[in-house]
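Here's the structure, in structure tokens; my notes come after.
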Amino acid sequence: MTSKKTALITGVTGQDGALLAELLLSKNYVVHGVKRRSSLINTDRVDHLYHDPHEADVDFFLHYGDLTDSTNLIRIVQEVQPDEIYNLAAQSHVQVSFETPEYTANSDAIGTLRILEAIRILNLGAKTRFYQASTSELYGKVQAVPQSETTPFYPRSPYAAAKLYAYWITVNYREAYGMHASNGILFNHEGPTRAETFVTRKITRAVAAIHLGFQDKLFLGNLDAQRDWGNARDYVDGMWRILQQDEADDYVLATGETHTVREFVERAFAEIGIIIGWKGEGVAERGFDAKTGRCLVEIDARYFRPTEVDLLLGDPTKAFHKLGWKHTTTFPQLVSDMVASDLIVMKQRGRV
Ligand code: NDP
Ligand code: GDR
């Protein structure tokens, strides 16, 4: 009988952390997750995986921790002795990073260093493989399209600048200490459990709420930003594949298609039978129900970012050839699934 592999996931209460925990448990791993203390319980996304630790054969454990606290991270890594660490914890909201740049650097940049140092200090370099949640935001101001592992980076936010440090410190620990440390450069990935302040989920929740009569209209920022949106379930499978390679390396995971925020809005409203027509320009632009003339989308300048990332389009060729990875969900299917899920959730709750 082979013993089970042990994985440690930071950010386990987030969209990706919870989906990855589910995937690894289905692959017979013992999974440890790091959660932050909060005044309200914030484990909704992993509650279905959790069992009382006093029960027999429990494979999922939660530890209190924070990426800003080195001693705590060292203690957790020492206790868990993981075969694989997935560093998914981050202040992950680009716009919020302009408001909280120092905290974002502390958690997203130095937090990554703290975990790599924990592996080094504990002499786990030969045992523990490390995955860093890198991002297409690294490409920032467009240098080339599509973007691949060799495209130059040009970060456009405190979030992206912090993630740039995390990317390179991961590469450096691989080269300096021979660690099995890899970056997944993941393009936007979404799904029904996406946090509600990211644009996709904000749109699909609003569409459901408007359909059910709980909300009048949707306020958005830049409608012309283009993103390569995939399904988060595909992307956590890619993370796992990256850590199963004999050699550590860096990989782009993307769909190879790009769409504007405007297209996402149009598709989402189409799911409830509304065709959106647009009038006006810039902040004065409005989206109307083409049949009734009712205004459903307005621009609110507060959602514009000081510096924007205009166009993301990934080239996942390397991941396809080396990892056998490919996205499975089309853009229309993703939008449709998210609207359908929000309609169900909102009908059950009876409110926004
Ligand atoms: P979420 O925002 O949904 O989850 C982030 C997780 O990190 C949450 O569990 C959060 O805890 C935790 N966290 C935040 N700050 C700290 C901290 N200081 N210490 C410990 N935990 C912390 O992000 P996603 O699941 O969408 O993304 C996962 C990772 O992948 C992030 O690093 C993100 O930057 C990166 N990424 C995401 C992409 C995407 O499209 N989703 C694309 C590319 C990269 P809490 O629940 O308490 O807030
Ligand atoms: P992003 O995702 O910044 O790409 O980062 P987000 O959904 O926040 O923005 C996508 C694009 O939509 C535009 N936009 C709005 N965005 C938000 N949040 N709210 C709005 O009202 C709105 N209106 C227009 C934005 O300007 C932007 O151009 C996500 C995060 O998951 C990161 O952690 C991750 O690294 C990247 O994806 C890849």
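The values are calculated or read from the model by the stated rules, or taken from the named source; none is laboratory data. Worth saying up front: this structure is predicted, and the values here are computed from it rather than measured. We place every Cβ from the backbone using ideal geometry, glycine too, and count neighbours over all the protein chains shown.
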Next on the checklist: With the requirement that a residue be acidic (Asp, Glu) and within 28 Å of TYR235 (Cβ to Cβ), what does segment 50-93 give you?
Outcome noted: ASP59, ASP66, ASP69, ASP83, GLU84
Checklist entry - Within the group ARG302, ARG227, ARG201, which residue is under 20 Å from TYR159 (Cβ atoms), away from ligand 1 (no atom under 15 Å from the Cβ) and in contact (Cβ under 8 Å) with a residue 24 or more places away in the chain? => result ARG302
Checklist outcome for this item: By residue number, the members of segment 239-258 that are among the acidic types (Asp, Glu) and either out of contact with any strand residue (DSSP E or B) (no Cβ under 8 Å at 6 or more places or on another chain) or more than 16 Å from ligand 1 (Cβ to nearest atom) (or both) are ASP246, GLU247, ASP249, GLU257
Checklist entry - over 17 Å from MET239 (Cβ atoms) and either hydrophobic (A, V, I, L, M, F, W, C) or touching a residue at least 60 places away in the same chain (Cβ under 8 Å) (or both): does that describe VAL96? => result yes
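Condition check ((1) in a strand (DSSP E or B); (2) outside the structural domain of SER136 (by TED's automatic domain parsing)) across all residues:
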residue: TRP278; (1), (2): yes, yes
residue: VAL283; (1), (2): no, yes
residue: GLY293; (1), (2): no, yes
residue: VAL297; (1), (2): yes, yes
residue: PHE320; (1), (2): no, no
Item to check | Search result, residues across segment 94-137 that are within 11 Å of ligand 2 (Cβ to nearest atom) and touching a Phe, Trp or Tyr at 6+ places or on another chain (Cβ under 7 Å) | outcome: VAL94, SER97, THR104, ASP108, SER134, SER136, GLU137
Checklist outcome for this item: Over segment 1-39, the set of residues without any contact (Cβ under 8 Å) to a residue 40 or more places away in the chain, more than 10 Å from ligand 1 (Cβ to nearest atom), outside any strand (DSSP E or B) and more than 16 Å from LEU88 (Cβ to Cβ) is MET1, THR2, SER3, SER26, ASN28, SER39
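The rows are residues; the columns are (1) modelled with pLDDT of 95 or more; (2) assigned to a strand (DSSP E or B); (3) within 16 Å of ligand 2 (Cβ to nearest atom).
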{"site": "ALA166", "(1), (2), (3)": "yes, no, yes"}
{"site": "ASN172", "(1), (2), (3)": "yes, no, no"}
{"site": "GLU175", "(1), (2), (3)": "yes, no, no"}
{"site": "SER182", "(1), (2), (3)": "yes, yes, no"}
{"site": "ARG194", "(1), (2), (3)": "yes, no, yes"}
{"site": "THR197", "(1), (2), (3)": "yes, no, yes"}
{"site": "ARG205", "(1), (2), (3)": "yes, no, yes"}
{"site": "ALA209", "(1), (2), (3)": "yes, no, yes"}
Next on the checklist: Of the residues VAL265, VAL309, VAL261, VAL236, only one is farther than 28 Å from VAL12 by Cβ, within 16 Å of ligand 1 (Cβ to nearest atom) and surrounded by 13 or more Cβ atoms within 10 Å (Cβ to Cβ); which?
Outcome noted: VAL261
Next on the checklist: Looking for something part of a strand (DSSP E or B) and away from ligand 2 (no atom under 12 Å from the Cβ) - is there at least one such residue anywhere in segment 239-248?
Outcome noted: no
Next on the checklist: Is it the case, given these coordinates, that ARG45 is of a type in the set (D, E, K, R), within 16 Å of ligand 1 (Cβ to nearest atom), in contact with a helix residue (DSSP H, G or I) (Cβ under 6 Å, 6 or more places away or on another chain) and at pLDDT 95 or above?
Outcome noted: yes
Checklist entry - modelled with pLDDT of 95 or more and in the same structural domain as THR10 (by TED's automatic domain parsing), is that true of VAL58? => result no
